[in-house]
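My structure is below; once you've seen it, I'll send some questions.
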Amino acid sequence: MTTPIGQPGSGATMRSSLIFLGGTDTVGGVHILVRGRTGRLLLDIGIVGNPAIVRDRTLFNAFQPPRPGSRLPDYLRAGMAPLVEGLYERGDLAPFAAVSDATRALRARGFALDGDPLVDDEPGTDLAVFVSHLHDDHMALLEFVARNVPVIMSDAGARLHGALVAAGALPAVHAEVTGMVPGVADRVGDLALHVIPVDHDIPGAAGVLVETPDGSMAYTGDWRRHGRHPEAMQAFADACAGVDVLVTDASGAQPPDTRTVQCAQVAEREIAPLLSDLATNAHRGLYCSFDERNLERHTDVLAVAKAHGRLLVASPRTAAIWHAAAAAGLPCPRIDDVAVWDDSEGVRDDPQPPASPPFAPQVAPPPTARRVRAADVAADPAAFLCELRSTERARLLDIGAGPGDVYAYLDGYPFGPADPGWPVLLTWMRHLGIRLETISSRGHAWQDDLRWLVDAVRPGMVIPVHTNHPDHFPSVATPIRVVRRGEEIALPPGARTPVGGLR
């Protein structure tokens, strides 16, 4: 039966610890509570909701969404949200007064939440949330965080969050979001934290180094070394050298005989040349899809379009994100350099997520943005490079796309061949005779890079998370600790020398 974790001892005897509330054997849904004597920091607050990535472990997803009036209670009872009292806005818990009330039946012995710890309020302690980056599996529950619980991100992450809310791509939040710049420490009670940028496929991605009264830990968030900023990973390793515990994204850990169904991966620097090759050989229409938050890749797509004399046509939703991101000082395509699909043609863009009060107005692209209709593309397909989100594929019928046209999958939805949406994409391509090319560079470390990070940091212990296969972390000299959901690990006691190069 679930045992509440509350006040395990007096401040004089309680040791700092890590409580693993999610993501120990799933890709995504990482929830780690770092607990000192007077401070508590929750590392990430997303949901693991894609059945293509995590099989048989998620009740709610795009095909079975939670109920509009009961989203947070549904996530809690499904085991998709951490059971932490005081973390959530009370209005979002309604009709329940507390997390314990919402989940009581399912925490009984033998039921779904048996074994999931319920973390009680701890009087006299501060609670904050650190969000490593703005992918849903790390931050989708952010809208439910209570207004009195600070939310900490990197400075770029906070600016991107504000832009996505302004564009209507994310719901507004109750809590105050604070962006931290590298080299500046913050405190949550007796926890000292340093936000450190990492290389990932979204702006603002960061890990964190946390120093407690008893020991130190570092959490990478999602990371890679085959992206645009491999030097960020060296800086992260230098800053965290010698930590007691390194908790790392280990998505790349796979059993040796596993044949993972996914797109072949390339380094990020190869994306633009490969897309350019397609543009060189595509004599008719060229269409693409990409992750809406990978702003740096968007800039590459625009550069390729310009180099081949094609006008980049974006979804209204994507263009709204670019408009808001530019206003936040983030690098992304300029609206003046692109065109936007004319949304008067009866094609619905992606539905907006339900927002929590205060409601943020949706920002549309500037009215001066050039508009393109399907008829314009049909008249001269070779003049355009067109983004087509999954909800906009019907434009291919309006254009009359077919043999000789190319569709470049540049990541985003669907999330590779294992995704339930992938066969739908293939059916469209086969039926219309369009050639599908996949050019994929995802944001997770390859096996050799996992070894490199552990060797570079030299921690006392490494804990793999964000993986379906924690037992298959590559062999390293450092002790590997595979943790179970609900497990608590005390940090080593005693005085320690400062870690890394931050002090």
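I'd like the full set of residues that are at pLDDT below 95, assigned to a helix (DSSP H, G or I) and in contact with a Gly (Cβ under 9 Å, 6 or more places away or on another chain), limited to the stretch 355-393.
Ser390
If you don't mind, another one. Limited to the stretch 23-61, what total is found for residues that are touching a residue at least 60 places away in the same chain (Cβ under 8 Å) and on the phi > 0 side of the Ramachandran plot?
Count: 4.
Could you check Leu502 against (1) touching a Phe, Trp or Tyr at 6+ places or on another chain (Cβ under 9 Å); (2) over 19 Å from Gly23 (Cβ atoms); (3) buried (at least 16 other Cβ atoms within 10 Å of the Cβ); (4) modelled with pLDDT under 95 and say which number it fails?
The single condition Leu502 does not satisfy is (1).
Residues checked against (1) open to solvent by less than 10 Å² (accessible area, probe 1.4 Å); (2) within 23 Å of Arg373 (Cα to Cα):
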site	(1), (2)
Tyr287	yes, yes
Glu296	no, no
Ala305	yes, yes
His308	no, yes
Leu312	yes, yes
Ser315	yes, yes
Ala319	yes, yes
Ile335	no, yes
Asp342	no, yes
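Separate question: Select from the stretch 372-400 the residues that are open to solvent by 10 Å² or more (accessible area, probe 1.4 Å) and small (Gly, Ala, Ser) and write down the one among them that is nearest to Arg317 (Cα to Cα).
First pass over the stretch 372-400, keeping only residues open to solvent by 10 Å² or more (accessible area, probe 1.4 Å): 373, 375-376, 378-384, 389-391, 393-394, 397-400.
Of the ones still in play, those that are also small (Gly, Ala, Ser) are 375, 378-379, 382-383, 390, 394, 400.
Details: Ala375: 20, Ala378: 22, Ala379: 25, Ala382: 24, Ala383: 22, Ser390: 12, Ala394: 16, Gly400: 23 Å.
Going through the qualifying residues, I end up with Ser390.
Also: From the list Leu396, Leu450, Leu425, pick out the single residue that is under 19 Å from Glu292 (Cα atoms), assigned to a helix (DSSP H, G or I), among the hydrophobic types (A, V, I, L, M, F, W, C) and at pLDDT 95 or above.
Leu425
I'm trying to understand the selection: among the residues of the stretch 224-279, which are without any contact (Cβ under 8 Å) to a residue 60 or more places away in the chain, under 12 Å from Ser441 (Cβ atoms) and surrounded by 15 or more Cβ atoms within 10 Å (Cβ to Cβ)?
Ala272 - this is the single residue of the stretch 224-279 that is without any contact (Cβ under 8 Å) to a residue 60 or more places away in the chain, under 12 Å from Ser441 (Cβ atoms) and surrounded by 15 or more Cβ atoms within 10 Å (Cβ to Cβ).
So which strands (runs of 3 or more DSSP E) stay within the stretch 121-223 end to end and still have 3 or more residues that are surrounded by fewer than 20 Cβ atoms within 10 Å (Cβ to Cβ) and of a type outside the set (Asp, Glu)? Outline the logic, then answer.
Working: elements: 126-130, 151-154, 177-180, 185-188, 191-197, 206-211, 216-219.
The qualifying strands (runs of 3 or more DSSP E) are 177-180.
The values are calculated or read from the model by the stated rules, or taken from the named source; none is laboratory data. All of these numbers come straight from a predicted model, not from anything done at the bench. Note that we place each Cβ from the backbone using ideal geometry, even for glycine, and neighbour counts take in every protein chain shown. Protein only, heavy atoms only, side chains kept; ligands, DNA and RNA dropped before computing areas. Shrake-Rupley method; radii C 1.70, N 1.55, O 1.52, S 1.80 Å.
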